[in-house]
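Taking it in order: structure first as structure tokens, then the write-up.
The values are calculated or read from the model by the stated rules, or taken from the named source; none is laboratory data. Given the structure is predicted, the values throughout are model-derived calculations rather than measurements. Backbone-built Cβ (ideal geometry, glycine too); neighbour counts: all protein chains shown.
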Ligand code: SF4
């Protein structure tokens, strides 16, 4: 765990952030949104974490937050850093980091389209994968995709008696679906 | 292709239909997961070319448009253009339950649910996904319709163009498409 400790300490000393080692070759850091780009730059320029693996969003609707994850990797140390930050769901806005990694542009355009997160200064077409979309960004959890499909597309009769596969299976096996999972069942 | 009854066909129509049914050029255009069954259908084990089924590279040379599965609203636009560019006679085969009623993507915000609201479908093949045997049996069904002279959906499309256009425009909000005067 030497390499992991080294990078974790370096970041902690420089930025005063929370972090821990999740397992071998994986360091998790949670930081305020204002210093995310500084940490990324620090890791890239001074610690050799030159590769941006992934950027992703989790919709934490219960907390009114979006969780943003930046996953970076060092080819020399072979350690992955997962940098996590939370931003407000209302008027979500995050710093644009495509000047650090060009490929971040693609991820950010997708986040903008699918979650409605704005990145000031982001250059690129508004449409990413969708075309002429004028509803709420579809990957937000408060977007009701079933209701949207019902009002937009023709529903062929005959689907009404379709059963929820999980419910039918649990009826057979006697397993109980926990409450939090029931929410996603059909009714 | 005007008569609907096998007995009423003139000898010319009969020969026309006979030759049409034995040379079905399939537009090489795949949507959804079902396209993965096409190579299996075409290659040596199932060898669809026995039935005169083979690929065509461009819409203008193709007879059959296979919609191989779920159709994203974005793709629908391209499919309509491809369909409208195809020359008569042209046929459409809907492939998999996604084209019939939405399949497992019935509640997706981004895939249409019933293909025949947007372009006329001659044959539906059900299954998720249909195996090559099912695909071939669908083609045989189509050949039967062609031989009987009942596969004239392209004419229906022209007749009911307004209805189809209205449905299409409901999905494709920003309609920037050429008009073809077939
Ligand atoms: S019917 Fe099944 S296999 Fe075909 S496109 Fe839909 S989900 Fe995929």
Single match in B:92, B:121 (criterion: touching a helix residue (DSSP H, G or I) at 6+ places or on another chain (Cβ under 8 Å) and within 15 Å of the ligand (Cβ to nearest atom)) = B:121
Scan B:81, B:50, B:20, B:60 and give me the residue that is away from the ligand (no atom under 13 Å from the Cβ), in a helix (DSSP H, G or I) and closer than 27 Å to residue A:148 by Cβ.
-> B:81
Condition check for residue B:98: surrounded by fewer than 20 Cβ atoms within 10 Å (Cβ to Cβ) and within 12 Å of the ligand (Cβ to nearest atom) | no
Filter the range B:26-35 down to residues that are touching a residue at least 60 places away in the same chain (Cβ under 8 Å) and within 20 Å of residue B:62 (Cβ to Cβ) and give me whichever is surrounded by the most Cβ atoms within 10 Å (Cβ to Cβ).
-> B:34
Test: residue B:113 is closer than 27 Å to residue B:36 by Cα, within 14 Å of chain A (Cβ to nearest Cβ) and more than 15 Å from the chain's Cα centre (by Cα) = yes
Residue B:65: touching a helix residue (DSSP H, G or I) at 6+ places or on another chain (Cβ under 8 Å), under 21 Å from residue B:180 (Cβ atoms), part of a helix (DSSP H, G or I) and within 16 Å of the ligand (Cβ to nearest atom), yes or no?
-> no
Could you tell me whether residue B:76 is away from the ligand (no atom under 12 Å from the Cβ), part of a helix (DSSP H, G or I), within 14 Å of another protein chain (Cβ to nearest Cβ) and crowded, with 19+ Cβ neighbours inside 10 Å?
-> yes
Lone qualifier among B:121, B:135 - being modelled with pLDDT of 90 or more and either closer than 14 Å to residue B:29 by Cβ or surrounded by fewer than 21 Cβ atoms within 10 Å (Cβ to Cβ) (or both) = B:121
Complete set of residues in the range B:147-173 that are within 14 Å of chain A (Cβ to nearest Cβ) and either surrounded by 16 or more Cβ atoms within 10 Å (Cβ to Cβ) or in contact (Cβ under 8 Å) with a residue 12 or more places away in the chain (or both) = B:164, B:167, B:168, B:171, B:172
Residue in the range A:122-129 that is over 30 Å from residue B:77 (Cβ atoms), part of a loop (DSSP other than H, G, I, E, B) and away from chain B (no Cβ under 11 Å) present = no
How many residues are within 17 Å of residue B:37 (Cβ to Cβ) and assigned to a helix (DSSP H, G or I) when one looks only at the range B:92-110?
-> 6
Got a sec? Which of A:29, A:81, A:7, A:71 is surrounded by 15 or more Cβ atoms within 10 Å (Cβ to Cβ) and under 19 Å from residue A:102 (Cβ atoms)?
-> A:71
When you go through B:119, B:146 one by one, which is the residue that is in contact with a strand residue (DSSP E or B) (Cβ under 8 Å, 6 or more places away or on another chain) and either assigned to a helix (DSSP H, G or I) or farther than 30 Å from residue A:145 by Cβ (or both)?
-> B:146
Only helices (runs of 4 or more DSSP H) wholly contained in the range A:141-187 count here; list those with 3 or more residues that are at pLDDT 75 or above and surrounded by 11 or more Cβ atoms within 10 Å (Cβ to Cβ).
-> A:145-152, A:165-173
Unique residue being over 14 Å from the mean Cα position of the chain (by Cα) and more than 14 Å from chain A (Cβ to nearest Cβ) when the list is B:107, B:47, B:88, B:63 | B:47
